[in-house]
1. Go over the candidates T29, T87, T37 one by one and state the one that is within 30 Å of G197 (Cα to Cα) and either away from the ligand (no atom under 16 Å from the Cβ) or exposed (fewer than 14 other Cβ atoms within 10 Å of the Cβ) (or both).
2. Looking only at residues that are of a type in the set (V, I, T) and assigned to a strand (DSSP E or B) in the stretch 118-147, which one is farthest from the ligand (Cβ to nearest atom)?
3. Hey, any hits in the stretch 176-196 for a residue that's in contact (Cβ under 8 Å) with a residue 24 or more places away in the chain, over 16 Å from the mean Cα position of the chain (by Cα) and assigned to a helix (DSSP H, G or I)?
4. Please go through the stretch 55-68 and pick out each residue that is surrounded by fewer than 24 Cβ atoms within 10 Å (Cβ to Cβ), in a loop (DSSP other than H, G, I, E, B) and more than 16 Å from the ligand (Cβ to nearest atom).
5. Given the conditions (1) surrounded by fewer than 14 Cβ atoms within 10 Å (Cβ to Cβ); (2) assigned to a helix (DSSP H, G or I), report the number of the one that E73 does not fulfil.
6. Do you know which of the residues in the stretch 233-257 that are modelled with pLDDT of 95 or more and under 28 Å from G181 (Cβ atoms) is surrounded by the most Cβ atoms within 10 Å (Cβ to Cβ)?
7. Looking at L253, L146, L178, which is the one that is of a type outside the set (D, E, K, R) and touching a strand residue (DSSP E or B) at 6+ places or on another chain (Cβ under 7 Å)?
Amino acid sequence: MDILIRPDAEGVAAAAADILADYARRGATLGLATGSTPLGAYQELIRLYEAGEVSFADSTAFLLDEYVGLAPEHEQSYHHTIRHEFTSHVDFDDSRVHSPDGTAADPWVAAQEYEQAIIDHGGIDVQLLGIGTNGHIAFNEPGAALNGPTHVDTLQPQTIADNSRFFDRPEDVPIHVLTQGLGTIQRAGHLLLLATGEGKADAIAALAEGPLTTMCPASVLQSHPRATVIVDEAAASKLHHRDYHRFVEENKLPRKN
Ligand code: F6R
């Protein structure tokens with residue numbers, strides 16, 4: 001796992017956008033995350049697009065997750081959010097921006113269909129991830145199957161509280177979600193996890209320096225052959241090996257691909 005430490009959220013956004021833009025230039029399949037953390041990276045990608053430095057015309061996107069019960073046009077559905085925050089501002093073909101169907105009559109069937117759609121497409125080249133304060137990635141809460149497929153999950157009270165800032169009232173946050181599983185995520189070619197702020201410091205320390213355990217779903221990045229974690233100083237503040245991570249980055253042999 002590579003851990004890149006940047007001074008602030010802007011540095012995290014710029015580093016993430018650089019990596020994602022390289023994939024987009026190759027027409028890669030991007031796994032996209034919602035939530036607050038990737039917004040800076042999306043804004044930077046929009047800037048690069050407007051400057052003529054990147055195009056998404058040949059890319060396909062798969063979202064990580066969706067709330068069960070929210071229609072695509074609902075302001076807080078991830079279907080709507082990703083368009084509002086990112087894909088509608090660049091030349092992404094809207095029909096190639098996929099997300100689980102939160103209003104399917106049978107969410108479990110919708111989960112299987114989404115998993116199959118990713119497989120049929122040939123998989124995800126780079127998967128962008130945020131991390132919950134409880135260590136979740138996508139909506140795989142502590143206890144999730146380490147190699148599970150896309151599935152229906154029940155949010156933890158902590159996640160509902162964290163996400164209530166996006167809704168008028170805490171009771172409006174859906175309890176159930178469709179989410180790529182930890183197995184789905186681990187099949188992506190490259191995992192790119194971003195975290196900013198002190199509130200994520202414990203989760204980042206658990207991800208990088210704790211045991212590989214379902215109690216910290218993000219710790220599965222430890223076993224992925226190509227995982228990059230980009231954090232600001234605040235989110236890195238509880239890493240014991242901060243200096244080593246800096247040393248590794250300063251002395252890295254550049255990859256050829
Ligand atoms: C969003 C997602 C979640 C968020 C996580 C962090 O698609 O899958 O795992 O990445 O809850 O959210 P923020 O970035 O809002 O702190």
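The values are calculated or read from the model by the stated rules, or taken from the named source; none is laboratory data. Just so you know, these numbers come straight off a predicted model, no measurement behind them. Using ideal geometry, Cβ is built from the backbone for each residue, glycine included, and neighbour counts are taken over all protein chains shown.
1. Details: T87 fails: either away from the ligand (no atom under 16 Å from the Cβ) or exposed (fewer than 14 other Cβ atoms within 10 Å of the Cβ) (or both); T37 fails: either away from the ligand (no atom under 16 Å from the Cβ) or exposed (fewer than 14 other Cβ atoms within 10 Å of the Cβ) (or both).
It is T29.
2. First, pick out the residues of the stretch 118-147 that are of a type in the set (V, I, T): 118-119, 124, 126, 131, 133, 137.
Restricting the remaining residues to those that are assigned to a strand (DSSP E or B) gives 126, 137.
Numbers: V126: 15, I137: 6 Å.
Filtering the stretch 118-147 for residues that are of a type in the set (V, I, T) and assigned to a strand (DSSP E or B), the one farthest from the ligand (Cβ to nearest atom) comes out as V126.
3. First, the residues of the stretch 176-196 that are in contact (Cβ under 8 Å) with a residue 24 or more places away in the chain: 176-196.
From what is left, the residues that are over 16 Å from the mean Cα position of the chain (by Cα) are 176.
After this cut, where a residue has to be assigned to a helix (DSSP H, G or I) as well, the list is none.
Checked against the condition, which is being in contact (Cβ under 8 Å) with a residue 24 or more places away in the chain, over 16 Å from the mean Cα position of the chain (by Cα) and assigned to a helix (DSSP H, G or I), the stretch 176-196 yields no hits at all.
4. Those that are surrounded by fewer than 24 Cβ atoms within 10 Å (Cβ to Cβ), in a loop (DSSP other than H, G, I, E, B) and more than 16 Å from the ligand (Cβ to nearest atom): S55, A57, D58.
5. Failing condition for E73: (2).
6. A235
7. Numbers: L253 fails: touching a strand residue (DSSP E or B) at 6+ places or on another chain (Cβ under 7 Å); L146 fails: touching a strand residue (DSSP E or B) at 6+ places or on another chain (Cβ under 7 Å).
Selected residue: L178, the only one of L253, L146, L178 that is of a type outside the set (D, E, K, R) and touching a strand residue (DSSP E or B) at 6+ places or on another chain (Cβ under 7 Å).
Rundown of residues vs (1) modelled with pLDDT of 95 or more; (2) more than 13 Å from the ligand (Cβ to nearest atom); (3) buried (at least 16 other Cβ atoms within 10 Å of the Cβ), yes/no style:
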{"site": "D172", "(1), (2), (3)": "no, yes, no"}
{"site": "V177", "(1), (2), (3)": "yes, no, yes"}
{"site": "I204", "(1), (2), (3)": "yes, no, yes"}
{"site": "R226", "(1), (2), (3)": "yes, yes, no"}
